[in-house]
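*Asks:* Here it is: the structure, laid out below.
The values are calculated or read from the model by the stated rules, or taken from the named source; none is laboratory data. Remember, it's a predicted structure, so these values are computed and weren't measured experimentally. Note that we place each Cβ from the backbone using ideal geometry, even for glycine, and neighbour counts take in every protein chain shown.
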Amino acid sequence: MLKKVLPAIIFFSIYAANLWAQDTNKSFTIIPLGVKGGDDESNLSSYMIAPKGSEKYVCLDAGTINAGIQKAIDLKSLKGISEEIQRKQIKGYLISHAHLDHVAGLIINSPADAAKNIYGLPSVLNILRDKYFTWDAWANFANEGEKPQLKKYTYFPLLESNTYPLDGTDMKVKAFELSHGNPYKSTAFLISHNDSYILYLGDTGADEIEKSDKLAKLWQDIAPLISAGELKAIFLEVSFPNEQPDKQLFGHLTPKLFYNEMSKLEALTNEKAFKKVSFIITHTKPPHETAKKVKQQLVSANVKGLKLIFPEQGKRLTIN
């Protein structure tokens, strides 16, 4: 009897292990290094992302690096020394736009970093090249621009509609142009691994405010991934409460505008699949009472029961 049962047990153990491995390979680990917009230099937009089980991360924006890594170490989300984690585990930077609250950590920590790529739209990389990595502003750690070029960083331009491998990782990226105070450009990054996706939007305004169609085009492109159950999470900014006048949004969203955009996206998808997507709320502006109001308005207006996540600096997230 035992001879008959034992092979079955082994078979099902291997089958279960393979299922677990497949599920793991479709999951992502996210370490928020900074979650705020505005004037707190120790906690500005920056998120490390990697397939679950991997320590080969890329950074989605880079407003805060060192302070965020240290916070993650304190919370046991990361192990090691801050400078070593930046050098060895962060394999590159995806920069949505070149406002300081999205690039300050990259610039200030560049002397201690290792060689890697900076990915972005050409217009974004041009600002880094011409405004920040210059010898008057700091030092030119990149491979283009003012001489001497220290060539620690390599600018890697992303063209819309193309998918690119992210060097040093098992992930790929596709970029979409956004409007952030038209005509100023921002970017959304679609990160993929094993037919599993996460979408990160840098700062963006609503189409009707921006007089743009950037979000409408983005929703059209990603809707099939949601309906197929392949898009696991969307990072989307909500910077101000609903009371903020339209003329003072400066290319940002409110809770009301957030839900307006989500209604447009849901209309393009399978409703059941849409409710499985996690929505990671980013870039809420200070002061604390304003951020508290944004969260309250998002939660109270969540009549459809969307999976809202409010990330905390240094606290690991696992997205399945």
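*Asks:* If you take the residues of the range 148-186 that are of a type outside the set (A, V, I, L, M, F, W, C) and in contact with a Phe, Trp or Tyr (Cβ under 7 Å, 6 or more places away or on another chain), which of them is farthest from Ala233 (Cα to Cα)?
*Replies:* Lys152
*Asks:* Take the conditions over 25 Å from Asp39 (Cβ atoms) and of a type in the set (D, E, K, R) and apply them to Lys131. Does it pass?
*Replies:* The answer is no for Lys131.
*Asks:* Further question on the same structure: Among the strands (runs of 3 or more DSSP E) confined wholly to the range 1-73, which include 1 or more residues that are at pLDDT 50 or above and surrounded by fewer than 24 Cβ atoms within 10 Å (Cβ to Cβ)?
*Replies:* 28-34, 46-51
*Asks:* A further question follows. What residue, among those in the range 166-195 that are in contact with a Lys or Arg (Cβ under 7 Å, 6 or more places away or on another chain) and crowded, with 22+ Cβ neighbours inside 10 Å, is nearest to Tyr57 (Cα to Cα)?
*Replies:* Checked the range 166-195; the qualifying residue nearest to Tyr57 (Cα to Cα) is Leu166.
*Asks:* Something else now. Picking from Glu146, Glu84, which residue would you name as being part of a loop (DSSP other than H, G, I, E, B), modelled with pLDDT of 95 or more, at negative phi and among the charged types (D, E, K, R)?
*Replies:* So the residue among Glu146, Glu84 that is part of a loop (DSSP other than H, G, I, E, B), modelled with pLDDT of 95 or more, at negative phi and among the charged types (D, E, K, R) is Glu146.
*Asks:* In addition: So which residues in the range 270-319 are in a helix (DSSP H, G or I), more than 15 Å from Asn242 (Cβ to Cβ) and small (Gly, Ala, Ser), if there are any at all?
*Replies:* Ala273
*Asks:* Right, another one. Starting from the range 275-300, take each residue that is farther than 20 Å from Leu201 by Cα and list its partners that are assigned to a helix (DSSP H, G or I), counting only C-beta distances under 7 angstrom and pairs at least six apart or across chains.
*Replies:* Going by the 7 Å Cβ cut-off, the qualifying pairs are Gln297/Pro255.
*Asks:* Same structure, new question: Cβ-Cβ below 6 Å, separation at least six or inter-chain, first residue in the range 228-246 and in a loop (DSSP other than H, G, I, E, B) and buried (at least 24 other Cβ atoms within 10 Å of the Cβ), second modelled with pLDDT of 95 or more and aliphatic (A, V, I, L, M): which pairs?
*Replies:* Listed pairs, sorted by first residue: Val238/Leu253; Val238/Ile281; Val238/Val294.
*Asks:* Would you point out the residue of the range 55-98, among those that are hydroxyl-bearing (Ser, Thr, Tyr) and within 18 Å of the chain's Cα centre (by Cα), that is nearest to Phe156 (Cα to Cα)?
*Replies:* Across the range 55-98, the extreme among qualifying residues is Tyr93.
*Asks:* Could I ask something else about it? Just to be sure, is Ile85 surrounded by fewer than 24 Cβ atoms within 10 Å (Cβ to Cβ), among the aliphatic types (A, V, I, L, M), free of Cβ contacts under 8 Å to residues at least 40 places away in the same chain and closer than 20 Å to Phe28 by Cβ?
*Replies:* Yes, satisfied.
*Asks:* Shifting gears a bit: Which pairs do you get when a residue that is in a loop (DSSP other than H, G, I, E, B), found in the range 178-193, comes within reach of a residue that is among the hydrophobic types (A, V, I, L, M, F, W, C), reach meaning Cβ atoms under 9 angstrom, with the pair 6+ apart or on two chains?
*Replies:* His180/Phe250; Gly181/Leu249; Gly181/Phe250; Asn182/Ile209
*Asks:* Being more than 27 Å from Gly53 (Cα to Cα) and part of a loop (DSSP other than H, G, I, E, B) is true for just one of Gly205, Gly168. Which residue is that?
*Replies:* From the options Gly205, Gly168, the qualifying one is Gly205.
*Asks:* With respect to Leu215, determine if the residue is under 19 Å from Ser96 (Cα atoms), buried (at least 19 other Cβ atoms within 10 Å of the Cβ) and either among the small types (Gly, Ala, Ser) or free of Cβ contacts under 8 Å to residues at least 60 places away in the same chain (or both).
*Replies:* Yes.
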